[in-house]
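Trainee: Structure below; questions to follow.
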Amino acid sequence: MAPGATQLLRVLEPATEETLAEVPEAQVEDADDSIARAKAAFPAWRALPPGERADLLRQVAAAIEDDAEDLARLEARNVGKPMADARGEIGMVVQAFKYFAGAPERLFGETIPVAGGVDMTFREPLGVVGLIVPWNFPLMLAAWKVAPALAAGNTAVLKPAELTPMTAIELERIGRVAGLPEGVLNVVVGPGRSVGERIVGHPDVAKIAFTGSTEVGRRVGAIASASIKRVTLELGGKSANVVFADADLERAALAAPMAVFGNAGQDCCARSRILVERSALDRFMELFEKSVAALRVGDPLAEETQMGPLISAEQRAKVASYLEDGAPVAFRGSSPEGPGFWFPPTVLCPVSNDDRVAREEVFGPVVAVIPFDGEGEAIRLANDTIYGLSGSIWTRDGARAMRVARAIETGTLSINSNTSVRVTTPFGGFKQSGLGRELGPHALEHYTELKNVFLATG
Ligand code: NAD
């Protein structure tokens, strides 16, 4: 990375506000150099026999597994996320490399019956792909892109967020040690506005996979469209957690805090609107208050911690703005005093779906509880948003669960659970939550181009 860079980027630890590291900050020329290295590495990487590419990805997975505890600690310190969460995320990084290591030998084509010969399809790699990720799940979101991109025979330039570059830098190093050839994976640590836009606009980059805010995603899409560059976007969310009166309310209330306060609410899948059927509202709020009070907010490095601080002072100020103007605070959890960008879990009730807090992605530990009457209104409210990323449905009525799941315009839903992200299943958004899918078998479609070949046999 950044051989000529002289400017240093100060990386903070959000739980202490102290400096974690200073790393060279890449400039536009460094992005150009990385793209040139990736371009030079592409012909040999795509030509590698599929089994050898698969083995190299397995070696990367094993090397990450060996370093898992150190990587988790680095991520926990840099993002301020609990160690237990960071360990889970590094585990998913390993799984992603293992899962997509199965892909090089399974990128099947088809034969299509035609007159006069044989018609067949191939999945060809795109070339150099630009991968841009945010600060909330730095290494995990990078792996969701790097693993399928390399598996399909592309080479990559990865740009982590300026606030959280540490584990991406480690990934580049680990990849090299594990045997990835020079130039196959290049990490560029630099500002989005200059270095990020350079990658998006660069003529030698064939595709951009971007995860971040909807606002920046729109800009990325607009710049990429000038050269009809392939783009996948994983953007913001305002997901609904829909609780019907016939649900197991104890389970729903026990699961609700981590569905929105996990990662201190800085999660694109955060169920930041809880829609509760009015007849169950009082009972649900009683149970929910207990589970929020039990949430352990504190030092990310303490084993028992469930929620850490926000990423920055700026993010905390933004989150706090949703509590101005007499927001209906029902109850709050705890948070430490002293240094660190702390913000207590906060529950607002009753909220109208037209209120700002119900329309905008807060990206912090603030949840809006919105009462509803009947299935029709639940669906209408859940869909009354520009977003469509995630969500949950709680009911004991299986037919209703399926009716509502089919009616909600969102990419990833869970019924009687909050778990919706797995390496083996597709993830992505409807509406302004994104374009394309990551993970699962469908991810590879977005890292390859479909080619059709006809061989005349007459
Ligand atoms: P962001 O959009 O500000 O930044 C994301 C990345 O884009 C960073 O690396 C940044 O440097 C870069 N960037 C910024 N401006 C750019 C530009 N003009 N051109 C190219 N790159 C640019 O987002 P953030 O604040 O880091 O992350 C929070 C957002 O990410 C939230 O909106 C959240 O919902 C979203 N997110 C989405 C998913 C998902 O899978 N849908 C997952 C996690 C986070």
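Trainee: So which of Ser194, Ser227 is in contact with a helix residue (DSSP H, G or I) (Cβ under 9 Å, 6 or more places away or on another chain) and either assigned to a helix (DSSP H, G or I) or among the basic types (Lys, Arg) (or both)?
Mentor: Ser194
Trainee: Here are Ala259, Ala302, Ala280: which of them is within 16 Å of the chain's Cα centre (by Cα), modelled with pLDDT of 95 or more and either part of a helix (DSSP H, G or I) or hydrophobic (A, V, I, L, M, F, W, C) (or both)? I'd like the intermediate steps shown before the answer.
Mentor: Values: Ala302 fails: within 16 Å of the chain's Cα centre (by Cα); Ala280 fails: within 16 Å of the chain's Cα centre (by Cα).
After applying the criteria, what remains is Ala259.
Trainee: OK, next. Just to check your reading of the model, which residue among Val220, Val216 is within 10 Å of the ligand (Cβ to nearest atom), surrounded by fewer than 24 Cβ atoms within 10 Å (Cβ to Cβ), assigned by TED's automatic domain parsing to the domain that holds Asn78 and aliphatic (A, V, I, L, M)?
Mentor: It is Val216.
Trainee: Could you grab me the full set of residues in the range 235-261 that are closer than 25 Å to Lys159 by Cβ and open to solvent by 10 Å² or more (accessible area, probe 1.4 Å)? Before you say what the answer is, go through the steps one by one.
Mentor: Keep residues of the range 235-261 that are closer than 25 Å to Lys159 by Cβ, which gives 235-237.
Of everything in the range 235-261, just one residue is closer than 25 Å to Lys159 by Cβ and open to solvent by 10 Å² or more (accessible area, probe 1.4 Å), namely Leu235.
Trainee: Please work out which one of (1) open to solvent by less than 20 Å² (accessible area, probe 1.4 Å); (2) assigned to a helix (DSSP H, G or I); (3) not hydrophobic (A, V, I, L, M, F, W, C) is the condition Tyr99 fails and give its number.
Mentor: (1)
Trainee: Suppose we filter Ala36, Ala40, Ala47 for residues that are without any contact (Cβ under 8 Å) to a residue 60 or more places away in the chain and out of contact with any helix residue (DSSP H, G or I) (no Cβ under 9 Å at 6 or more places or on another chain); which single one remains? Talk me through it step by step, then tell me what you get.
Mentor: On the way: Ala36 fails: without any contact (Cβ under 8 Å) to a residue 60 or more places away in the chain; Ala40 fails: without any contact (Cβ under 8 Å) to a residue 60 or more places away in the chain.
So the residue among Ala36, Ala40, Ala47 that is without any contact (Cβ under 8 Å) to a residue 60 or more places away in the chain and out of contact with any helix residue (DSSP H, G or I) (no Cβ under 9 Å at 6 or more places or on another chain) is Ala47.
Trainee: Tell me, which residue of the range 385-409 that is assigned to a loop (DSSP other than H, G, I, E, B) and open to solvent by less than 50 Å² (accessible area, probe 1.4 Å) is nearest to the ligand (Cβ to nearest atom)?
Mentor: Restricting attention to the range 385-409, the residues satisfying the condition of being assigned to a loop (DSSP other than H, G, I, E, B) are 385-390, 395-397, 408-409.
Subsequent filtering for residues that are open to solvent by less than 50 Å² (accessible area, probe 1.4 Å) retains 385, 387-390, 395, 408.
On the way: Thr385: 13, Tyr387: 9, Gly388: 10, Leu389: 6, Ser390: 9, Thr395: 26, Ile408: 16 Å.
Checking each candidate, the answer is Leu389.
Trainee: If the Cβ limit is 7 Å and pairs must be 6+ apart or interchain, which residue in the range 193-205 that is touching a residue at least 12 places away in the same chain (Cβ under 8 Å) pairs with which residue that is loosely packed, with under 14 Cβ neighbours inside 10 Å?
Mentor: Pairs found: Pro203/Ser227.
Trainee: Residue under question is Val369, and the condition is that it be modelled with pLDDT of 95 or more, touching an Asp or Glu at 6+ places or on another chain (Cβ under 9 Å) and not assigned by TED's automatic domain parsing to the domain that holds Asn136; does it hold?
Mentor: Numbers: modelled with pLDDT of 95 or more: yes; touching an Asp or Glu at 6+ places or on another chain (Cβ under 9 Å): no; not assigned by TED's automatic domain parsing to the domain that holds Asn136: yes.
Spelling it out, it is not the case that Val369 is modelled with pLDDT of 95 or more, touching an Asp or Glu at 6+ places or on another chain (Cβ under 9 Å) and not assigned by TED's automatic domain parsing to the domain that holds Asn136.
Trainee: Kindly indicate the residue of the range 111-133 that is open to solvent by 20 Å² or more (accessible area, probe 1.4 Å) and not in a strand (DSSP E or B) and also nearest to the ligand (Cβ to nearest atom) among those meeting that condition.
Mentor: Leu126
Trainee: Give Val200, Val184, Val195 a once-over and let me know the one that is touching a strand residue (DSSP E or B) at 6+ places or on another chain (Cβ under 7 Å), within 14 Å of the ligand (Cβ to nearest atom) and more than 18 Å from Trp135 (Cα to Cα).
Mentor: Values: Val184 fails: within 14 Å of the ligand (Cβ to nearest atom); Val195 fails: more than 18 Å from Trp135 (Cα to Cα).
One residue alone meets the criteria, Val200.
Trainee: Also: Which ones in the range 63-92 are within 18 Å of Gly265 (Cα to Cα), in a helix (DSSP H, G or I) and open to solvent by less than 10 Å² (accessible area, probe 1.4 Å)?
Mentor: Glu75, Ala76, Asn78, Val79, Met83, Ala86
Trainee: State whether the residues of the range 366-384 include one that is acidic (Asp, Glu), within 16 Å of the ligand (Cβ to nearest atom) and surrounded by fewer than 20 Cβ atoms within 10 Å (Cβ to Cβ). Give the derivation first.
Mentor: Applying the first criterion (acidic (Asp, Glu)) to the range 366-384 yields 373, 375, 377, 384.
Checking the rest, the ones that are also within 16 Å of the ligand (Cβ to nearest atom) come to none.
Checked the range 366-384: no residue is acidic (Asp, Glu), within 16 Å of the ligand (Cβ to nearest atom) and surrounded by fewer than 20 Cβ atoms within 10 Å (Cβ to Cβ).
Trainee: Okay, next question. For the range 4-13, does any single residue satisfy the condition of being crowded, with 17+ Cβ neighbours inside 10 Å, in contact with a strand residue (DSSP E or B) (Cβ under 7 Å, 6 or more places away or on another chain) and at pLDDT below 95? Let's see the steps before the verdict.
Mentor: Our first condition is that a residue be crowded, with 17+ Cβ neighbours inside 10 Å; within the range 4-13, this holds for 5, 9, 11-13.
Checking the rest, the ones that are also in contact with a strand residue (DSSP E or B) (Cβ under 7 Å, 6 or more places away or on another chain) come to 5, 9, 11-13.
This time we only want the ones that are at pLDDT below 95, so: 5.
For the range 4-13, residues crowded, with 17+ Cβ neighbours inside 10 Å, in contact with a strand residue (DSSP E or B) (Cβ under 7 Å, 6 or more places away or on another chain) and at pLDDT below 95: present.
Trainee: Right, another one. The conditions are (1) open to solvent by less than 10 Å² (accessible area, probe 1.4 Å); (2) outside any helix (DSSP H, G or I); (3) basic (Lys, Arg), and Lys145 fails exactly one of them. Which is it?
Mentor: Among (1) open to solvent by less than 10 Å² (accessible area, probe 1.4 Å); (2) outside any helix (DSSP H, G or I); (3) basic (Lys, Arg), the lone unmet condition for Lys145 is (2).
Trainee: Which pairs have Cβ atoms under 6 Å, sit 6 or more apart or on different chains, and link a residue in the range 133-148 that is closer than 9 Å to Val93 by Cα to one that is among the aliphatic types (A, V, I, L, M) and near the ligand (Cβ under 8 Å from one of its atoms)?
Mentor: Going by the 6 Å Cβ cut-off, the qualifying pairs are Leu141/Val133; Ala142/Val133.
Trainee: Can I ask one more? Restricting attention to the range 319-356, and to residues there that are of a type in the set (Gly, Ala, Ser) and under 27 Å from Ala378 (Cβ atoms), which single residue is nearest to the chain's Cα centre (by Cα)?
Mentor: First, the residues of the range 319-356 that are of a type in the set (Gly, Ala, Ser): 320-321, 326-327, 330, 333-335, 338, 340, 352.
Next, only the ones that are under 27 Å from Ala378 (Cβ atoms) stay: 326-327, 330, 333, 352.
Numbers: Gly326: 32, Ala327: 29, Ala330: 30, Gly333: 26, Ser352: 28 Å.
If we take residues in the range 319-356 being of a type in the set (Gly, Ala, Ser) and under 27 Å from Ala378 (Cβ atoms), then Gly333 is nearest to the chain's Cα centre (by Cα).
The values are calculated or read from the model by the stated rules, or taken from the named source; none is laboratory data. As the structure is a computational prediction, the values presented were derived from the model and not from experiment. Here Cβ is always computed from backbone atoms with ideal geometry, including for glycine, and neighbour counts include all displayed protein chains. Accessible surface areas use protein heavy atoms only, side chains included; no ligands, DNA or RNA. Shrake-Rupley method; radii C 1.70, N 1.55, O 1.52, S 1.80 Å.
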